[in-house]
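Written below as C-alpha cells is the structure these notes are about.
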Amino acid sequence: MDWTLWLEWAIKSLILIFTLLIGFGYLTYYERRFLALLQSRLGPNRAGPQGLMQWMADAVKLIFKEELTPASAYKLVFFLAPVLTMVPSIVIAAVIPWGPPIEMFGRTITQSVADINVGVLFLMSIASIAVYGIVLAGWSSNNKYAMMGGLRSSAQMISYELTLGLAFVVAILLGNSMSLVEIVEAQKDMWFVAVQPLGAIILWIATVAEVNRHPFDMPEAEQEIVAGYHTEYSGMKFALFFMAEYQKMIVVSAILVTLFFGGYREFWFLKDTFLSVDAVWRIGSWQTSAWFLGPIYMFFKIAFFLGVMIWVRASWPRIRYHRLMDFGWKVLLPLAVVMVFITAVGILLAQEVHPLLIWLSPILSLLAGWFASLMVDRSLRRKAYA
Amino acid sequence: MSVDLILFFVLALVAVAAAIGMLLSQNAVYSALFLVINFATVAVFYLLLGAPFIAMAQITVYAGAIMVLFLFVIMLLGAEKLAPGKVLPYQRPLAIGLAVLLVAEAAYLLLSRVQSVAAIVTPTVETNTVEEIRRLGMALFSDYLLPFEVTSVVLLVAMVGAIVLTIREKGEQG
C-alpha cells in the first residue's frame, strides 16, 4: 500500500484524537460556566483569563491523585473497564465527516478518518459495544452500588439502542445511502430535520439516554446508588470515565448534526452564496475552495446541541427508573416504528405520485408525536400510574 | 503471502483461542467476555469476505445486544461462580457422541465440497450498499419467507414464555 496513505491516516487520526481531547477539556469548562449562568453563579473564573485554563488544572489534579484498587475487585477487568469505555467513544468519531474533501499536495484528502460505505451501521455497532465498559466497571468493582449502576446502564442502553437504530433507518431512507458523506451531501437542498423532524427529536432523546446524560443518568444517580458504576474508581481511571462521557456527548451531537442537520453543510438556502462549502473564494489572484467552512459549521452546530444538553441538565429532574423503561419501550419504540413507516410511505408517494407528497411525512409524524405526548400526559395524570 | 491471508491466520488463532478460553474459564463473566472476542473476530472474517453489512450486524446483534443480556443475567443472578452442580448420569457420553457427530458432519461437508469452494468468487464490495440491503430484504421476504416467519414465531413464543414464567398471579405472594 501507498505509504503516503498511511501517513494521511495517521495524521488525521492524531488530529481527531487531539481535537476530541481538547474538546473534552473545554466542554467541561463550557458546561460549568453555562450551568453557572443558568443558576446565577459565576462558575470557574480564576485559572487563566475567564477560567479558560481550568480544565488543565483539573487534569493535573486527577493525574496526581492516588489510585485505589479495592481488595476484592476483579483486577484485570477493573483495569480494562475504563479503557473499554474510552476506546469506543473515540473510534466512533472516525466515520464522521468534518468537511468536504480538500485538494492538497496533488491529492484529494477526505475530512474523515474513514469514509466507509456502511458508516451508519458502524455507528450503530460501536454504540452497542460502548456499554461493556460501564457494565464491567460495575461488576468488577465488587460493590453492590457499582453493580446496580452497571445493571441499570446495560438495561437502559439496550432498550434505547432499538430506538436509536430506527432513527438511523430514517436517515438512511432519506439519504438513500449508508455512507455518512452521501447522507450529508443529500441534505444539500433540504436538511432532513425539515423532512422528518420527529426523527431528529427521537434520535436526540435516544442518544442522550445512550450516553447516560441527564435526565437519563440512572447509572450514576448519586442520591440512590452513590456514584454508580464508577464508585470505586479514583485518579486517572476515574478521569477516563469522565473523559469518555464528555467525548460521547461531543460525538453524539456530531452524529445528530450529520444525520439530520446537514452535517458540515451550510443552511440549505445559502447553498449558492459564498458561504457554501462548495464555493470558491478568490482574493486577488489567489483562490481556494471553501473547505475550511465545513469544520467551522460543524463546530457551531455541535456547540449548539451541547448547549441544549447542558440546558436540559440544568432544568429537568432525573426521570424515575421504571418510567425510563416504560418511556423507552411503550412510547419511544412504537413511535419510532410509526415514524419509519410514515417516512417510507412518504418517500414512495413522492417518487410514484408527486414530489410534494414528501411533506406528508413531517405532518403525519408530528401528529403522531403530538398524539404520543398527549397519551403520556394523560397516563401521568392518572394517580394509579405512580 | 498476501495481507489478507496473514490477517486470516492471526484472527483464526485468536478466534480459536477465545473459544477455548470460553470453555475453560471458571468464571461465567470471563466466559462471556471470551465469547465476545470470538464474535468480534468472526465479524472481521465477514469483512475479509467482502460482506460489511453482515459484519456490522454481527457486532451489533451478537456482541452488542445478546452478550450484554447474557452478562446482565449472569450478574443479576450472581451466577458467575456457581459450584459445579450435579451432572446427569448420561450427560457426558451423550455430549461426546453429539460432538463426534458434529465433527463428522462438518468434515464430510468440507471434504465433499472442497472443489466447489475454490470456485466461489469473492463478491466485489458494493459501492451502493443500500442496493445490497434491498436485495437482502427481497431474498429474505420472498425466497426465505417461511424460515423467516418460523423464526419470528419461535422468538415470539420464547418471549411470551419468559413473561408467563415471571408474571405474578393475583394474590400470589412475591
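The values are calculated or read from the model by the stated rules, or taken from the named source; none is laboratory data. It should be emphasised that the depicted structure is a prediction, and the values quoted were computed from it without experimental measurement. Because the Cβ atoms are built from the backbone with ideal geometry, glycine has one as well, and the counts that use them run over all protein chains shown.
The number of residues in the stretch A:168-201 being over 19 Å from the mean Cα position of the chain (by Cα) and within 14 Å of another protein chain (Cβ to nearest Cβ) comes to 8.
Quick grid of which residues meet (1) in a loop (DSSP other than H, G, I, E, B); (2) touching a Gly at 6+ places or on another chain (Cβ under 7 Å); (3) more than 30 Å from residue A:201 (Cα to Cα); (4) among the charged types (D, E, K, R):
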residue	(1), (2), (3), (4)
A:242	no, no, no, no
A:248	no, no, no, yes
A:251	no, no, no, no
A:275	yes, no, no, no
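Among the residues of the stretch A:66-80, not a single one is farther than 29 Å from residue A:140 by Cα, at pLDDT below 85 and buried (at least 19 other Cβ atoms within 10 Å of the Cβ). Within this structure, residue A:339 passes the test of being closer than 29 Å to residue A:98 by Cα and in contact with a Ser or Thr (Cβ under 7 Å, 6 or more places away or on another chain).
The requirement of being modelled with pLDDT of 70 or more and of a type in the set (A, V, I, L, M) is not satisfied by residue B:120. Counting only helices (runs of 4 or more DSSP H) wholly contained in the stretch B:1-69, the ones carrying 2 or more residues that are among the aliphatic types (A, V, I, L, M) and within 24 Å of residue A:77 (Cα to Cα) occupy B:3-24, B:28-48.
Assessment of the stretch A:10-19 against the conditions (out of contact with any Gly (no Cβ under 9 Å at 6 or more places or on another chain), more than 30 Å from residue B:27 (Cβ to Cβ) and loosely packed, with under 10 Cβ neighbours inside 10 Å) yields no matching residue. Take the residues of the stretch A:140-153 that are over 14 Å from residue B:69 (Cα atoms) and in a helix (DSSP H, G or I): which is nearest to the other protein chains (Cβ to nearest Cβ)? Of everything passing the filter in the stretch A:140-153, A:147 is nearest to the other protein chains (Cβ to nearest Cβ). Taking the condition under 30 Å from residue A:226 (Cα atoms) and at pLDDT below 85, does residue A:119 pass? Considered against the rule, which asks whether it is under 30 Å from residue A:226 (Cα atoms) and at pLDDT below 85, residue A:119 comes out as no.
In the stretch A:103-134, the qualifying residues are those that are without any contact (Cβ under 8 Å) to a residue 60 or more places away in the chain and over 20 Å from the mean Cα position of the chain (by Cα), and the one that is surrounded by the fewest Cβ atoms within 10 Å (Cβ to Cβ) is A:106. Does the stretch A:83-105 include one or more residues that are in a loop (DSSP other than H, G, I, E, B) and facing chain B (nearest Cβ under 10 Å)? No, every residue in the stretch A:83-105 fails to be in a loop (DSSP other than H, G, I, E, B) and facing chain B (nearest Cβ under 10 Å). For residue B:37, the test of being at the interface with chain A (Cβ under 9 Å from one of its Cβ atoms) and modelled with pLDDT of 85 or more is failed. The combined condition, being surrounded by fewer than 24 Cβ atoms within 10 Å (Cβ to Cβ) and within 12 Å of chain B (Cβ to nearest Cβ), is not fulfilled by residue A:164. Being modelled with pLDDT of 80 or more and in a helix (DSSP H, G or I) is not true of residue B:76. For the stretch A:107-119, the criterion of being touching an Asp or Glu at 6+ places or on another chain (Cβ under 7 Å) and of a type in the set (Val, Ile, Thr) is satisfied by at least one residue. When A:232, A:224 are checked against the criterion of being charged (D, E, K, R), touching a Leu at 6+ places or on another chain (Cβ under 9 Å) and either over 21 Å from residue A:331 (Cβ atoms) or crowded, with 22+ Cβ neighbours inside 10 Å (or both), a single residue qualifies: A:232. Of A:102, A:109, all but one fail to be touching a Phe, Trp or Tyr at 6+ places or on another chain (Cβ under 7 Å), under 30 Å from residue A:123 (Cα atoms) and at pLDDT below 85; the exception is A:102.
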